[in-house]
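For reference, the structure is listed below as structure tokens.
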2 protein chains.
Amino acid sequence: MESAPEIPGTAPREDPVPDPDPDPVPVLDLSLDGASLTARLVDIPSVSGDEKPLADAIETALRALPHLRVDRYGNNVVARTALGRAERVVLAGHIDTVPIADNVPSRLEDGVLWGCGTSDMKAGVAVQLRIAATVPEPNRDLTFVFYDNEEVAAHLNGLGHLADDRPDWLAGDFAVLLEPSEGQVEGGCQGTLRVGLRMAGQRAHSARSWKGANAIHAAAPVLARLAAYEPRRPVVDGLEFREGLNAVGITGGVAGNVIPDECTVTVNYRYAPDLTEQEALAHVREVFADCGVARFEVEDSSGPARPGLTHPAAAAFVEAVGGEARPKYGWTDVSRFSALGVPAVNYGPGDPNLAHKRDERVDTDLIGHCEERLRAWLTA
Amino acid sequence: MESAPEIPGTAPREDPVPDPDPDPVPVLDLSLDGASLTARLVDIPSVSGDEKPLADAIETALRALPHLRVDRYGNNVVARTALGRAERVVLAGHIDTVPIADNVPSRLEDGVLWGCGTSDMKAGVAVQLRIAATVPEPNRDLTFVFYDNEEVAAHLNGLGHLADDRPDWLAGDFAVLLEPSEGQVEGGCQGTLRVGLRMAGQRAHSARSWKGANAIHAAAPVLARLAAYEPRRPVVDGLEFREGLNAVGITGGVAGNVIPDECTVTVNYRYAPDLTEQEALAHVREVFADCGVARFEVEDSSGPARPGLTHPAAAAFVEAVGGEARPKYGWTDVSRFSALGVPAVNYGPGDPNLAHKRDERVDTDLIGHCEERLRAWLTA
């Protein structure tokens, strides 16, 4: 059949073609044990940016639980009890993973579950879902947060989007982030500050170097100061943190026969949560005050979070889950809760040393252990 | 007319079509004064790689001189007298220039000739050609060398190709390279050695820096040593040289949150001609012997040349041209003559500070001055 001529407004209208069937939402059976549920979560790929199928599955499964109110914002899902308890606890986890490296689907072998996201952090997400499904009357009101884009640039982070646009959904007295911590409570997190220290000089031909000023040589006192630096180990809320001030980059040079007029040392200060971001920057400036730095340029800054273990809910949590709380050296999203005034800790079954690795895996015993400890705390 | 079918061996042969007229060889009138001849040379562009028209012109002009034997190798032209004199002197110059920067054709104004290659070094080439044309019976046998590709990578250098493949054409007791030296004798040249000093370390997350070893911090003693280094000013064959040991590059760093396991400081040692290349390298190793360098990697090495001013021909030359000889700090092709056992100096009318510049120019008085001084020396 020949097409009718295309005359705007007069062309014959066709009936709208129905969309092909959308992909069915994957089904999550929350009655599975934690290890099996983790395997199921791993087998629904959710690399950062492609979390929709998993977010759909989580939302659908939670909506089947009558004791929870479920909200969604983008691919972030938040489910809450509303029992009028004296305290509210937030259990949070990201649902995205780093890119798959030939390690999906998951594989269970001798009590170890292998696969992308097992440790970081679908085992933790499985624990959240198991608590959501099996503790309908907790002793504290509960908020479950499942968010996207944690493994990529900070401005994409779903928890950050919720904090900016739906902060009331995150309200609570205490938060547990189920990031991998080998079943140990890790309190707070250190801040991280990256600053470029720019050294100045003057170009000249290297055959007549006395006519120039070498910016790389000018960096000598900066490197000497770094090499001699004694990092602090302050105790904050009962936990000993461990700082570090390190060069993470250096660059200088114009050409093989030119005295360079620029050299930049990039330093990374990892600092304990007794300092603010401003105090951390002031410290870096002070350390290098007499080193001839031409300019300090802040490249990146993420504030720390205090452990908050003195809060009654946190103290009860540590007592319930057992073990000795330890400090978290790396920066994590607990800092976002801290910025909202919610003390937070990391506590999850994964192993942080296996995160992002091709041979990522999780000890399934720890999944059950974390789930039991949380249930004990929330039903005591 | 239709083509005949193409049957090999039986197709009708056509008469060979004559090539279109090749570009005519530009004419050089060697009876022009040095300044006018320089202008003519500048107006025949000869950017490195495109020297053929100028090489053709030089070859043709020299072949018209019955007292010279002319040879050609690529775009390198060598012309020699064979008078059986006790000594042979080589006058050498490169005919290429850096890329033209809107500064061709040349322009004469108030005794100053402007244009690409005026100083570096067509004024010198003009002096060579004037001596070739006007001194048919010199007191020393003469060899004139015109070579290509001096302004580009060393392996393309025409003088290097002659040294490798036609070393007998370069034989002599003394050589004058007519590189720009403002009409002053510059003796020898310093050597240049570039070495990468590789520092080692061990990667770790920067939040747990104590688990790694920072290779950038490890470079602190290297930079301190460089900053404190006192360069030598040795006197060689009566000329005071001036060394330099400088970082010309530094690079290190893996990511903004990683303790780096590698850092490389690239140092450039410019050294006086009382050291060999081997001694220069030994010196660099010694300077940094106790600085924890994991590996020394030689990136580039070009040997120095002694001034050779004690040679009778050279002494007579300095006396004849007048002024006080001074050392050459930068590396030049005199080193290639030195490697062939021919002492060599730089002596030319150009100004090295104007080389490679958009406003390159030459004082025409100096062109005539250099020509006269050379003629006086060769006809005394």
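The values are calculated or read from the model by the stated rules, or taken from the named source; none is laboratory data. Worth saying up front: this structure is predicted, and the values here are computed from it rather than measured. Cβ atoms come from the backbone with ideal geometry, glycine included; neighbour counts cover every protein chain shown. Just the protein is used for accessible areas: all its heavy atoms, side chains included, with ligands, DNA and RNA removed. Shrake-Rupley method; radii C 1.70, N 1.55, O 1.52, S 1.80 Å.
Listed values, structure above:
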read-out: Single unsatisfied condition, B:His356 versus (1) open to solvent by less than 30 Å² (accessible area, probe 1.4 Å); (2) within 14 Å of chain A (Cβ to nearest Cβ); value: (1)
read-out: Hits in segment A:294-312 (condition: out of contact with any helix residue (DSSP H, G or I) (no Cβ under 7 Å at 6 or more places or on another chain) and buried (at least 20 other Cβ atoms within 10 Å of the Cβ)); value: A:Pro307
read-out: Elements of type strands (runs of 3 or more DSSP E) contained in segment B:230-322, each with 1 or more residues being facing chain A (nearest Cβ under 8 Å) and touching a residue at least 60 places away in the same chain (Cβ under 8 Å); value: B:262-271, B:295-302
read-out: Residue that is nearest to B:Ala294 (Cα to Cα), among those in segment B:208-231 that are surrounded by fewer than 17 Cβ atoms within 10 Å (Cβ to Cβ) and among the charged types (D, E, K, R); value: B:Lys211
read-out: Any chance A:Pro53 is open to solvent by 30 Å² or more (accessible area, probe 1.4 Å) and modelled with pLDDT under 95; value: no
read-out: Long-range neighbours under 7 Å by Cβ, at least six apart or interchain, first residue over 19 Å from A:Lys328 (Cβ atoms) and assigned by TED's automatic domain parsing to the domain that holds A:Ala314 within segment A:163-190, second among the hydroxyl-bearing types (Ser, Thr, Tyr) and surrounded by fewer than 20 Cβ atoms within 10 Å (Cβ to Cβ); value: A:Asp165/A:Tyr73; A:Arg166/A:Tyr73
read-out: Number of positions in segment A:135-150 that are open to solvent by less than 50 Å² (accessible area, probe 1.4 Å) and either without any contact (Cβ under 8 Å) to a residue 12 or more places away in the chain or of a type in the set (D, E, K, R) (or both); value: 4
read-out: Sole residue being open to solvent by 20 Å² or more (accessible area, probe 1.4 Å), within 14 Å of chain B (Cβ to nearest Cβ) and closer than 23 Å to A:Ala280 by Cβ, chosen from A:Ala153, A:Ala163; value: A:Ala153
read-out: Unmet requirement for A:Asp333, which otherwise passes all of (1) charged (D, E, K, R); (2) open to solvent by 60 Å² or more (accessible area, probe 1.4 Å); (3) touching a helix residue (DSSP H, G or I) at 6+ places or on another chain (Cβ under 7 Å); value: (2)
read-out: B:Ala132 assigned by TED's automatic domain parsing to the domain that holds B:Phe337 and surrounded by 22 or more Cβ atoms within 10 Å (Cβ to Cβ); value: yes
read-out: Filtered residue count, segment B:196-229, keeping only those that are within 7 Å of another protein chain (Cβ to nearest Cβ), within 30 Å of A:Arg208 (Cα to Cα) and assigned to a helix (DSSP H, G or I); value: 7
read-out: Matching strands (runs of 3 or more DSSP E) fully within segment B:29-127 where at least 3 residues are closer than 27 Å to B:Glu182 by Cβ and more than 23 Å from the chain's Cα centre (by Cα); value: B:107-109
read-out: Condition met for A:Glu150 (assigned to a loop (DSSP other than H, G, I, E, B), over 13 Å from the mean Cα position of the chain (by Cα) and under 28 Å from A:Ser36 (Cβ atoms)); value: no
read-out: Among (1) on the phi < 0 side of the Ramachandran plot; (2) open to solvent by 10 Å² or more (accessible area, probe 1.4 Å); (3) not hydroxyl-bearing (Ser, Thr, Tyr) - the single one B:Asn346 does not satisfy; value: (2)
read-out: Candidate set from segment A:326-339 (those that are hydrophobic (A, V, I, L, M, F, W, C) and either at pLDDT 90 or above or part of a helix (DSSP H, G or I) (or both)); member that is nearest to A:Glu371 (Cα to Cα); value: A:Val334
read-out: Subset of segment A:246-287 that is aliphatic (A, V, I, L, M), farther than 16 Å from A:Asp300 by Cβ and out of contact with any helix residue (DSSP H, G or I) (no Cβ under 8 Å at 6 or more places or on another chain) - its residue that is least open to solvent (accessible area, probe 1.4 Å); value: A:Ala272
read-out: Test for B:Leu170: is it more than 13 Å from chain A (Cβ to nearest Cβ) and crowded, with 18+ Cβ neighbours inside 10 Å; value: yes
